[in-house]
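Laboratory data are not the source of any read-out in this text; all were calculated from the coordinates shown. Just so it is clear, the structure is predicted and the values come from calculations on it, not from any experiment. Note: ideal-geometry Cβ built from the backbone for every residue, glycine included; neighbour counts use all protein chains shown.
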Amino acid sequence: MASGPPSGSSGITSDDFVFYIDMGLVGVLGLITLIYLPRTVARYAHKSGWAEGWVLRQGKRIDQYPHKQRALNIHQYPPDRLNPAELSAPAISSVTHIGSTPTIKARLLASNTQNSGKPPAHIPSIRSFVPSVGKFLDYHVVGYSIRQLMVLSAYLAIICVMIFYQSNPKTNTNRAGFVVMSQMPVSFALGTKNSVITALTGISYEQLNFLHRWVGQLMFLASLFHFVGKLVTFTELRIISATVKSHTWGVVAFSALSLLAVGSHRWFRARVYGLFFYSHIIGLITFIIGMWMHQPEVAPPYLAVCIALYAADQVVRLAKTRLRKAILTPVPELGSTHIYVPRLDKGWIAGQHVRIRVLSFGVGIFGWTECHPFTIANSPNDVPEGLTLVCKRAGDWTSALYQMANKKSDSEEHRSAYVLIEGPYGGSGNALFASFSGLLLVLGGSGITFGSSVLEDIIAKKASGAARVMCINFVWAIQHPSAADPYLSTFAEIVQRAADIPDLRVSVSVFYTRGADKAYSLRTRLPPNLQIKSGRPDLQEELSSVLDRTQHAINMHQSSKNGVIVAACGPDQLISSVYAAKASASPAAQRSVGGLELHTETFGW
């Protein structure tokens, strides 16, 4: 693959041309960084921006806070015994807290000691200033928003320019090969968990995955164009170049990239994750070696950048990894496994997730090699309550984990295992929930782990004066009402505690789609702001309600308009409904509260 000048150009070579385009992409990243800069500054201007969201760590000693230590079990608050007298009891459902755990009141007291009492500054997104533009950009087509499709289309146009500008595709297929090399650092930067892009913009790796996959697909197409072009040329001329070794390594690199393209298909990622994972490792190593040997004069600088990005990511991941002995408890009501990890109390932002590896053959002979992401189910605090995860049975590994939690010896009170926990990752980034006037949480199924941690965190911060939120609507959609049983006492206590905060109104609604309505008479025994309803939630009505209540609270307390944010976590169908509800909100209602924004977390990346 010789480096010749493009047709009609003034001496610029193909490798120089694609390099200049890469520098242009770096400039685009700089522009995006400037756009996100106000929110980045607002996040780090608050001391929690430096302390939370980076590394898991242990809190203060357990004897420094006024709470009782008591062992909890899954059925501490059976539905038929839940009544207002129990709501003030110093305990919480063990779905989110197992072992010696403090009360919500204790966590609120602790939050007073760790927060300055000053809420973070609110910086609205650019789209919130023009609701009609935001509505258009959020509209979904073929599984992507218009905003994402615009990004994908723009990147496709850039790749086409790189391949075809002042270059005859029939006689110069080398340019496509140079494009493949030039895009390797871009693919690595978008694919690593701790990328420079995330550090500069606050956009987490899972939100960049759609572009990472697209860059990889375009690299494969460019390599296919280069490979077929060379094959046709050699066939027509009936010659074999003197650089047979170089071309052999080119075939190796193309084969490796083909393996990456096939193994990364959505079907494999969703159903045979192990195949996707190991094909990625084998394919990447083979591709790097193949490219280095195929173009030893041009490829090394690009590959060196890739290796540096990957090495830096691995170092950071190692620094963010903790080895702990965890307690595993089955939760039949949720079809899930509860994992309690002691001595990890702080360092994450509510809504973030960790990647966990269970070091036991109980999850399979090779199950201990697998690393799975789960949202942290509790909020961070100085109170030493540990870190909790709720892992829903959704595949072979999580099913094996559930069976493992069920199998404990007579001498064991709980099944335990050593785990490697890496993180935290994800979350809302630089969009700080505590800076908004109103919050609508929409959860589906196991998305409750995201919502419960955010709700708990906001109330604790509000109690200490570190949040601006005045109205919270919490909506959880489940299939059967029994799935809500383990959480009801937690919800009841949260609502009860929130009622003591003067300028905060919290409403919790649980919707179930299966089971006889008469079989769930518990609803009449719950606090007024905690409701159990049959049917699917009307998200347009829920959003309209939180907008109206937030506007009323702003007027009543004469506070600034800091906007409403909708945070949703659940399956694709639920997320689509959330987007539709946001699109239905009137521009006037959005402006009356200072804008409307949306943050989503979907199952499976």
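Where a ≥ b ≥ c are the square roots of the eigenvalues of the C-alpha gyration tensor, would you call the stretch 310-362 rounded, which needs a/c under 1.5, or, failing that, prolate if a/b is larger than b/c, or oblate? Prolate, since a/c reaches 1.5 and a/b exceeds b/c. Karplus-derived 3J(HN,Hα) values for the stretch 529-546, using 6.51 cos²θ - 1.76 cosθ + 1.60 with θ = phi - 60°, are 8, 10, 10, 10, 10, 8, x, 8, x, 8, 5, 5, 5, 5, 5, 4, 5, 5 Hz; glycine and proline are entered as x.
Label-to-label distance for residue 234 and residue 323 is 4.9 nm, based on points extended 7 Å past Cα in the beta-carbon direction.
Once you have the Cα-Cα distance between residue 251 and residue 307, take 0.36 nm times their residue separation minus that, and quote the gain in nm to one decimal. List each step's numbers first, then the result.
Working: separation 56, 0.36 × 56 = 20.16 nm, distance 2.16 nm.
Difference between extended and current length: 18.0 nm.
Output the pairs from 320/533; 170/193; 118/392; 193/461; 193/561; 135/170 with a Cα-Cα distance over 32 Å in this structure; if there are none, say none. Cα-Cα > 32 Å for 320/533; 170/193; 118/392; 193/561; 135/170; rest within.
Sorted by average packing, counted as other Cβ atoms within 10 angstrom per residue and highest first, what order do 449-456, 257-264, 157-164 take?
Working: 449-456: 26.0, 257-264: 18.5, 157-164: 17.0.
Highest to lowest by the protection proxy: 449-456, 257-264, 157-164.
Would you mind calculating the relative contact order of the stretch 346-395 from Cα pairs under 8 angstrom and at least 6 residues apart, reporting the percent as a whole number? The normalised contact order for the stretch 346-395 reaches 37 percent. Our estimate of slack between residue 403 and residue 164, defined as 0.36 nm per intervening residue step minus the Cα-Cα distance, is 80.4 nm. A simple rule links phi to the HN-Hα coupling: the Karplus curve 6.51 cos²θ - 1.76 cosθ + 1.60 with θ = phi - 60°, which for the stretch 129-136 gives 6, 10, x, 5, 5, x, 4, 5 Hz, with x for Gly and Pro. The alpha carbon gyration tensor of the stretch 522-591 gives principal lengths a ≥ b ≥ c with a/c of 1.5 or higher and a/b no greater than b/c, which makes the shape oblate. Annotation: peptides 278-288, 387-397, ranked by per-residue average of other Cβ atoms within 10 Å with the highest first, follow the order 387-397, 278-288.
Subtracting the Cα-Cα distance from 0.36 nm times the residue separation, let me have the gained length for residue 50 to residue 418 in nm, one decimal. Numbers along the way, then the final one.
Details: separation 368, 0.36 × 368 = 132.48 nm, distance 2.90 nm.
Length gained, residue 50 through residue 418: 129.6 nm.
Taking a ≥ b ≥ c as the square roots of the eigenvalues of the Cα gyration tensor, the stretch 420-501 is classed as oblate, since a/c reaches at least 1.5 and a/b does not exceed b/c.
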